[in-house]
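Student: The structure's right below; bear with me while I get my questions together.
The values are calculated or read from the model by the stated rules, or taken from the named source; none is laboratory data. Keep in mind that this is a model prediction, so the values were computed, not measured. Here the Cβ positions follow ideal geometry from the backbone for every residue, glycine too, while neighbour counts run over all protein chains shown. Ligands, DNA and RNA are stripped out before the accessible areas are found, and what is left, the full protein with its side chains, is counted by its heavy atoms. Shrake-Rupley method; radii C 1.70, N 1.55, O 1.52, S 1.80 Å.
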Amino acid sequence: MLMYALMMVIANVFIREAAPRIGAWQMTFVRFAIGVLAVVPLVARAGTVAFRTDRPWAHVGRSTVMVMGTLCGFYGFSHLPLADAGGLFYTRPIFVTALAALLLGEALRARSLLALGGAFLGMLFVLRPGQGTFDSTLWVPLAGAALLAMAAIQTKQLLRTESTSAVLLYANVFGAVLCAVFAAYAWVWPTPR
């Protein structure tokens, strides 16, 4: 978990540095293209099972939600102070917990409700309502967190009938294809500064 957090911090700094030259669609395409490459060994090991699906449109829908959530996150990290963008984008567990209760019927215990309340207060601390001028850009990473939480719920629903390899493969392939369509219009080859 610590390694994941460190990798996310590094990725967010790279997003911040690349944003003035490279658009969000292109960065999101690269994220999903790397995802495709990362899934190749799993798909190779799983064989044809990785390609079997009874719910292709559910995969397309999930991938679209993931792309939109990722775009919101990348936009937030490139236009807001990193602490604000991170504080809001990483509220995803709040949304996952609430959506799991609402959409999956998962029970919320008193400790979970207290944790949700504390996390919500922390989110308000970052948003700073009533503290002078409100920056509406703060809503973008928050929307990204909500969208990626919805994708997590869709993942749980898909895994009831689909293999893990199919869920990973189709999310990244469909995401890369969707992003490629938009990224192609404004593609910029990265150059060293």
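Student: Over the chain, what relative contact order in percent results from Cα pairs under 8 Å that are six or more residues apart? Numbers along the way, then the final one.
Tutor: Details: 210 pairs, mean separation 84.9, N = 193.
Here the relative contact order equals 44 percent.
Student: Could you report segment 18-90's accessible area per residue, 1.4 Å probe, as an integer in Å²? All intermediate terms of the calculation are to be shown ahead of the outcome.
Tutor: Values: 3590 Å² over 73 residues.
Roughly 49 Å² per residue, with all protein chains present.
Student: For segment 105-111, in order, what is each residue's ³J(HN,Hα) by Karplus, 6.51 cos²θ - 1.76 cosθ + 1.60 with θ = phi - 60°, in whole Hz (x at glycine and Pro)?
Tutor: Ordered by residue, 3J(HN,Hα) equals x, 6, 7, 10, 8, 4, 5 Hz.
Student: How large, in percent, is the carbon and sulfur part of the accessible surface of segment 1-137 at a probe radius of 1.4 Å? If you can, show how the numbers build up before the last one.
Tutor: Values: 5920 of 8370 Å².
Carbon and sulfur together cover 71 percent of it.
Student: Modelled label-to-label distance, V13 and L42, 7 Å Cα→beta-carbon offset: nm?
Tutor: Going by the 7 Å Cα→Cβ label model, 2.8 nm.
Student: I've got another one for you. Spin-label point model (7 Å from Cα, Cβ direction): what's the R111 to T191 distance in nm?
Tutor: With each label point 7 Å from Cα toward Cβ, the separation is 5.6 nm.
Student: Quick one: accessible area per residue over segment 130-180, 1.4 Å probe, rounded to a whole number of Å²?
Tutor: On the way: 2270 Å² over 51 residues.
On a per-residue basis, 44 Å².
Student: Here is a further query. Exactly which trypsin sites (Lys or Arg not before Pro) in segment 1-100 are in a DSSP loop and have at most 14 other Cβ atoms within 10 Å?
Tutor: On the way: sites: R16, R21, R31, R45, R52, R62; in loops: R21, R52.
Taking segment 1-100 and a limit of 14 other Cβ atoms within 10 Å, the loop trypsin sites (Lys or Arg not before Pro) found are R21, R52.
Student: Still on this model: Considering the Cα positions of segment 1-132, please state its Rg to one decimal place and its Dmax as a whole number of Å.
Tutor: Every Cα atom of segment 1-132 included, Rg and Dmax give 17.9, 57 Å.
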